[in-house]
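In what follows, a structure is listed as structure tokens, so that the remarks can point back to it.
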Amino acid sequence: DPLEEQWREMYHKLVSYKEKNNSTLVLREYKEEAELGEWVTNQRTLFRSLDDDGNRLIYEHRAKLLDDIGFVWEPLEGRWNEMYERLVHYKNQYGSTNVPKRYQIDLYEWVQHQRRSFKEQSMSEERIKKLNSLGFVWVLYE
């Protein structure tokens with residue numbers, strides 16, 4: 001089946017991307033392989049879409065293959081978890097969740113965003129618990 005072959009080819013490109021980048025979060029605008037970013041977005045759309053009988057539009061065997069490589073179906077949640085893991089690494093290395101701006105600007109900004117979300121009461125209980133388990137410092141200065 002030529003369509004299945006085409007799907008497998010893109011799947012193997014994603015596997016290679018993951019090996020190189022340690023993530024399946026391919027941006028739609030991924031410059032080196034724009035087609036891969038678009039394909040990944042399409043897989044998520046098919047996964048979320050249901051037919052008239054309530055079945056997902058993505059073939060089950062394809063969803064399983066993607067699951068097996070740790071495919072991130074919800075990219076925003078996946079990005080949060082990636083940043084959380086980086087914070088865990090930082091805490092293990094430095095003994096604190098207070099990331100200075102000079103360390104890694106994106107991690108510093110993410111930590112600041114978590115504090116703002118908590119203060120604005122827009123953070124889920126699950127995320128609060130995960131951050132609390134690290135000894136996250138919610139307020140730096142009183």
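The numbered conditions (1) farther than 30 Å from L134 by Cβ; (2) open to solvent by less than 70 Å² (accessible area, probe 1.4 Å); (3) among the hydrophobic types (A, V, I, L, M, F, W, C); (4) in a helix (DSSP H, G or I) are all true for L3 except (2). Check whether at least one residue in region 38-59 is surrounded by 13 or more Cβ atoms within 10 Å (Cβ to Cβ) and part of a loop (DSSP other than H, G, I, E, B), and report yes or no. The answer is yes; a qualifying residue exists. On the basis of being among the aromatic types (F, W, Y) and open to solvent by 50 Å² or more (accessible area, probe 1.4 Å), does Y90 make the cut? For Y90, the condition - among the aromatic types (F, W, Y) and open to solvent by 50 Å² or more (accessible area, probe 1.4 Å) - is not met.
Select from region 91-102 the residues that are in contact with a Phe, Trp or Tyr (Cβ under 7 Å, 6 or more places away or on another chain) and not polar (S, T, N, Q) and list them in ascending order. Show your work before the answer.
Residues of region 91-102 in contact with a Phe, Trp or Tyr (Cβ under 7 Å, 6 or more places away or on another chain): 97, 99-101.
Within region 91-102, V99, P100, K101 qualify.
Of the residues R56, R86, R44, R102, the single one that is under 30 Å from K129 (Cβ atoms), of a type in the set (D, E, K, R) and in contact with a strand residue (DSSP E or B) (Cβ under 7 Å, 6 or more places away or on another chain) is R56. In the set (1) surrounded by 14 or more Cβ atoms within 10 Å (Cβ to Cβ); (2) in a helix (DSSP H, G or I); (3) not charged (D, E, K, R), the condition left unmet by N98 is number (2).
For region 60-87, the set of residues classified as surrounded by fewer than 16 Cβ atoms within 10 Å (Cβ to Cβ) and either in a loop (DSSP other than H, G, I, E, B) or β-branched (V, I, T) (or both) consists of I69, G70, W73, E74, listed by residue number.
The number of residues in region 105-142 that are in a loop (DSSP other than H, G, I, E, B) and either among the hydrophobic types (A, V, I, L, M, F, W, C) or open to solvent by less than 60 Å² (accessible area, probe 1.4 Å) (or both) comes to 9. When we screen R79, R116 for residues that are at pLDDT below 95 and under 25 Å from N22 (Cβ atoms), the only hit is R79.
The values are calculated or read from the model by the stated rules, or taken from the named source; none is laboratory data. Being a predicted model, the structure only gives us computed values, none of them experimental. Neighbour counts run over all protein chains shown; Cβ positions are idealised from the backbone, glycine included. Accessible surface areas use protein heavy atoms only, side chains included; no ligands, DNA or RNA. Shrake-Rupley method; radii C 1.70, N 1.55, O 1.52, S 1.80 Å.
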